[in-house]
Amino acid sequence: MIKNLLFSSFVFLCLSVNAQISTESERDKDGNVILYTINTSEIPYTVMFNFSTLQNLTTTGGENITTVAMPGKSRATTLKPRQANTGTNYRYSISFVKGNIYGKSKVEPVYFVPVKEGTAVTAQRMTHIENRLQPEKKNEDYVGVSFRFENPTEIVAPRKGIIAAVSMGKAPEKDNLDFKRDENFIEIYHEDGSITKLMVLKSGSEKVKVGDEVIPGQVIAESAGENYNSGQHVRMVNMRPEKENQDKLKYEQFPVKFAHVGKEIQIEQRMEFTVAHPEELITVEMSKRELKKYESEKD
């Protein structure tokens with residue numbers, strides 16, 4: 001008699017909202033255990049399986065398997081018995097983050113500054129909150145950029161993608177703010193597996209919903225920030241899933257290139273300029289079908 005025991009525990013890591021990732025298993029005629037991920041969101045997630053027990057079972061990747069859960073049901077890994085007619089036992093936990101750790105872009109992406117074209121902005125790399133809370137220490141980790149402007153303006157998608165999260169129900173509460181942890185935000189998933197998060201948005205001003213496809217320059221919300229010391233602004237941070245070690249996932253925050261008049265720039269220090277949205281960057285990541293539709297709608 002073969003005894004088959006399944007012990008599953010789950011450790012969830014998520015960005016901004018509670019994601020809906022679960023697992024299922026089934027056994028085939030050869031005694032293999034097939035594990036699946038169930039992803040009820042609109043975008044891929046990177047999932048890591050950590051096996052604490054593999055009795056009479058083997059995997060192609062050892063005790064730690066990293067896979068990508070596409071929306072819907074995806075095959076994650078297969079556990080194969082080492083010996084026939086012998087009991088099996090396995091135990092695992094999962095962790096996951098938004099995005100595709102194996103995603104790639106066809107071209108090196110260049111982003112629009114995420115405000116209406118023609119807006120005069122002051123761009124500046126943001127500093128880590130630890131530098132304010134513990135000024136005796138210096139944290140140089142990249143945490144994104146901010147774009148300040150004099151008057152309220154429209155916030156636009158900086159790059160083609162899918163709306164991954166919308167949280168726009170928080171009204172301004174205090175004045176003279178430097179930082180607020182639970183700001184209104186919109187997240188956009190890109191084809192290379194990364195996420196753009198735009199923060200400090202006007203409550204209830206969203207023009208998109210989760211699952212919508214957006215193109216560069218498309219209006220997605222309205223600006224806010226009047227209750228901050230720095231005034232009206234939008235904050236932008238780019239993240240992608242990474243392995244922190246063999247059994248843990250994390251988000252890496254990274255700088256990106258922005259479109260400017262006749263060139264590309266990175267925001268390393270304070271800069272003042274007028275926002276430009278080059279027409280050619282709107283279509284650079286479109287498929288032939290998307291490009292044809294865009295051209296017909298434009299005409």
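Numbers for the structure displayed
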| read-out | value |
| --- | --- |
| Positions within the stretch 140-166 being at pLDDT 95 or above, of a type outside the set (A, V, I, L, M) and under 30 Å from Asn39 (Cα atoms), in sequence order | Pro158, Arg159, Lys160, Gly161 |
| Cβ-Cβ under 7 Å pairs, at least 6 apart or on other chains, the stretch 33-57 side of a type in the set (D, E, K, R), far side part of a strand (DSSP E or B) and at pLDDT 95 or above | Glu42/Ile162; Glu42/Ala164 |
| The listed residue being modelled with pLDDT under 90 and within 28 Å of Tyr189 (Cα to Cα), out of Asn100, Asn50, Asn18 | Asn18 |
| Residue in the stretch 188-247 that is surrounded by the fewest Cβ atoms within 10 Å (Cβ to Cβ), counting only those that are basic (Lys, Arg) and part of a loop (DSSP other than H, G, I, E, B) | Lys209 |
| Scope the stretch 27-36; condition in contact with a Ser or Thr (Cβ under 7 Å, 6 or more places away or on another chain) and not in a loop (DSSP other than H, G, I, E, B); matching residues | Val33, Ile34, Leu35, Tyr36 |
| Residue satisfying all of: in the stretch 103-138; among the hydrophobic types (A, V, I, L, M, F, W, C) and at pLDDT below 95; farthest from Lys160 (Cα to Cα) among these | Leu133 |
| Residue among Lys257, Lys243, Lys263, Lys250 that is modelled with pLDDT under 95, in the same structural domain as Leu198 (by TED's automatic domain parsing) and in contact with an Asp or Glu (Cβ under 6 Å, 6 or more places away or on another chain) | Lys250 |
| Hits in the stretch 58-69 - residues which are in contact (Cβ under 8 Å) with a residue 24 or more places away in the chain and surrounded by fewer than 14 Cβ atoms within 10 Å (Cβ to Cβ) | Thr58 |
| Some residue of the stretch 98-119 being part of a strand (DSSP E or B) and either polar (S, T, N, Q) or free of Cβ contacts under 8 Å to residues at least 12 places away in the same chain (or both) | no |
| Residue that is farthest from Ile101 (Cα to Cα), among those in the stretch 37-64 that are under 21 Å from the mean Cα position of the chain (by Cα) and in a strand (DSSP E or B) | Ile38 |
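The values are calculated or read from the model by the stated rules, or taken from the named source; none is laboratory data. Only a predicted model underlies this, so the values are computations on that prediction, with no experimental measurement involved. Using ideal geometry, Cβ is built from the backbone for each residue, glycine included, and neighbour counts are taken over all protein chains shown.
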